[in-house]
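Novice: If you scroll down you'll find the structure; I have some questions about it.
Derivation of every value follows stated rules applied to the coordinates shown; laboratory data play no part. In this text the structure is predicted, and so the values were computed from the model without any measurement. Please note: Cβ atoms are built from the backbone with ideal geometry, for glycine as well, and neighbour counts cover all protein chains shown.
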Amino acid sequence: MTEYDKARRHRRYSTPDLPGSFAHSVDANVLNISVAGIAVRTATQLSVGRDYSFQLGQEADLINLSGKVKWCRLSGTRKLAEGDVVPVYEAGIALDEVFSEKAAEMLQFLKRKVIVDLRSRILGRFNVETEDPVSLESKEDFVVRQLSLSGILIATESLREPESVLELEIRLNGELFRSRARIVHVDEAEVVGERPSYRMGVEFLQVTTEQLQLLEDFIQAELPWSPSS
């Protein structure tokens, strides 16, 4: 019997479209950069229209930025040391606050990192000397369909592979429940409107006594007559 089978012993409750979100991180390399945006290469397909935040530079040069994915395309494949072949994507991210103090910070960053006269090409796009690594951070929404003391069943537009570990949060009775969680299974997508909706079984990891109490209080107060199993 697996740990998830044991977890299923807890009674599951249907929930009234309870909203939640999980943090998502994508490793990428910067291909080129400008005051208005960056192009990156990554092994993960980025969703057009999704917002990401990230940092460029190190220590004294560090700058915090955010932006929206404008395009993403498959550019090829790459063979790993283990022999597996993985896809390679390139994507363009348009930066927020282009005409603000953040743009001034970006300009100073470029002056330090790019050897070129920026006065005449302030909106130009420049290649970086190396494909600097960057971590793209995003929050993705989901809806809780079922809830138990050990996990949840969610519906989301974002496909995740089984065994993926995520940081999720759900607001319960005005308090924020946060937990590391593992994707246990993923059902085939349903089309809602024009968008896919994936149903995923998620198991909580390392739940504290306080977190468990928060779940119990919510179930007793909000879901007393809605057992799913």
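Novice: For residue 53 and residue 32 in one chain, what is 0.36 nm times their gap in residues minus the Cα-Cα distance, to one decimal in nm?
Specialist: This chain segment gains 5.9 nm when fully extended.
Novice: Starting at the first residue of the stretch 146-161, write each ³J(HN,Hα) from the Karplus equation 6.51 cos²θ - 1.76 cosθ + 1.60 with θ = phi - 60°, in whole Hz, x for Gly and Pro.
Specialist: 9, 9, 9, 6, 10, x, 9, 10, 10, 10, 8, 7, 9, 6, 10, 7
Novice: Please compute the length gained on full extension between residue 209 and residue 64, using 0.36 nm multiplied by the number of residues separating them and subtracting their Cα-Cα distance.
Specialist: Extra length from residue 209 to residue 64 when fully extended: 48.7 nm.
Novice: Of the peptides 150-156, 66-72, 169-175, how do they stack up when ordered by the mean number of other Cβ atoms within 10 Å, highest first?
Specialist: 150-156, 66-72, 169-175
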